[in-house]
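Read through the structure below, which is laid out as structure tokens, and then see the notes.
Read-outs throughout are calculated quantities, based only on the coordinates presented, and are distinct from any laboratory measurement. Bear in mind the structure is a predicted one, so any value in this text is a computation, not a measurement. Every residue, glycine among them, receives a Cβ derived from its backbone with ideal geometry; neighbour counts consider all protein chains shown.
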Amino acid sequence: MEHALTAGVAVYNAGEHHAAHDAWEATWLELERGTAEERFLHGLIQFTAVVYHGRRRNWSGARKLATSAGEYLEGLNPEYRGVDLATVRTYLSRVAADPESTERASPPGLRYEGERLTAETLSLDALAIAADVVAEEYGFDEEVLARAVDYARAEEATARSQFRSLVVDFVGTPERRNLVYTRLRDHVRRRRREETDVEGLFE
């Protein structure tokens, strides 16, 4: 749960409000319906949908989802699972009463254990989830991102952090994402060639 949760929070904070729910969905679908954890993730998923519809001026959709999301989150601790639900609930109440308010004010950031999570602050397991959902959202090759995360894991024991830095930039800097992906793909291809060359020495 923690890796998926933090990945979704960081993706949302990067402005990827639609993609964020994909980080939570698989975990949510496995939970028993009506439990606190299921209502928590269901409410967060609908919260991101409220932001998404509000930004597209779908007022009726935003109002309906804001009401529903608020009901799912009702009764949960304001810091449930470390997420600042008090701020989320305040936003949902405002949108339910006045959906056009989404045009006048930016949606709140999500805080986890008091911190506004970004891609840079994620564990590698959470970063892998974040990179995968962003790649899927925009049609990038998910295999390239998966290999990059594998190489980042291998780098953890060394002073190098090239692959982790590139994956962080891919998730967290939408304005540079295409350029970062190209560099990342090239680095992955180069590393694969190096591995193939080494393998050939022992054949």
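For the reader, a short list of remarks on this structure follows.
- Between the Cα long axis of helix 17-30 and the first principal axis of the chain there is an angle of about 90°, rounded to the nearest 10.
- Loop-located GluC sites (Glu not before Pro) in the stretch 1-100 (DSSP state not H, G, I, E or B) with no more than 14 neighbouring Cβ atoms inside 10 Å: Glu32, Glu74, Glu79, Glu100.
- Between 0 and 90°, nearest 10: helix 2-13 axis offset from the chain longest Cα axis: 80 degrees
- HN-Hα J in Hz across the stretch 91-108 - Karplus 6.51, -1.76, 1.60, θ = phi - 60°, x for Gly and Pro: 5, 5, 4, 5, 5, 4, 7, 8, x, 6, 4, 5, 7, 8, 9, 5, x, x
- Relative to the longest principal axis of the Cα atoms of the chain, helix 162-172 runs at roughly 30 degrees.
- Per-pair calculated FRET efficiency, R0 = 41 Å: Asp125 and Ala97 via Cβ, rounded to 0.05: 0.60
- GNM flexibility winner over the chain from Gly43, Gly34, Gly109 (Cα, springs under 10 Å): Gly34
- Computed 3J(HN,Hα) for the stretch 180-193, one whole-Hz value per residue from the Karplus formula 6.51 cos²θ - 1.76 cosθ + 1.60 where θ = phi - 60°, is 4, 4, 4, 5, 4, 4, 5, 5, 5, 4, 5, 5, 5, 5, glycine and proline marked x.
- Packing, as the average of other Cβ atoms within 10 Å across residues, places the peptides 161-170, 126-135 in the order 126-135, 161-170, highest first.
- The mean sequence separation of alpha-carbon pairs under 8 Å and at least six residues apart, normalised by the residue count of the chain, gives a relative contact order of 21 percent.
- Highest mean first, the peptides 187-194, 46-53 sorted by other C-beta atoms within 10 Å per residue fall in the order 46-53, 187-194.
- Between the stretch 64-108 and the stretch 156-183, the Cα center-to-center distance that results, in Å: 32 Å
- Charge dipole (Cα centre; +1 on Lys/Arg Cβ, -1 on Asp/Glu Cβ; no other charges) of the stretch 37-87 amounts to roughly 460 debye.
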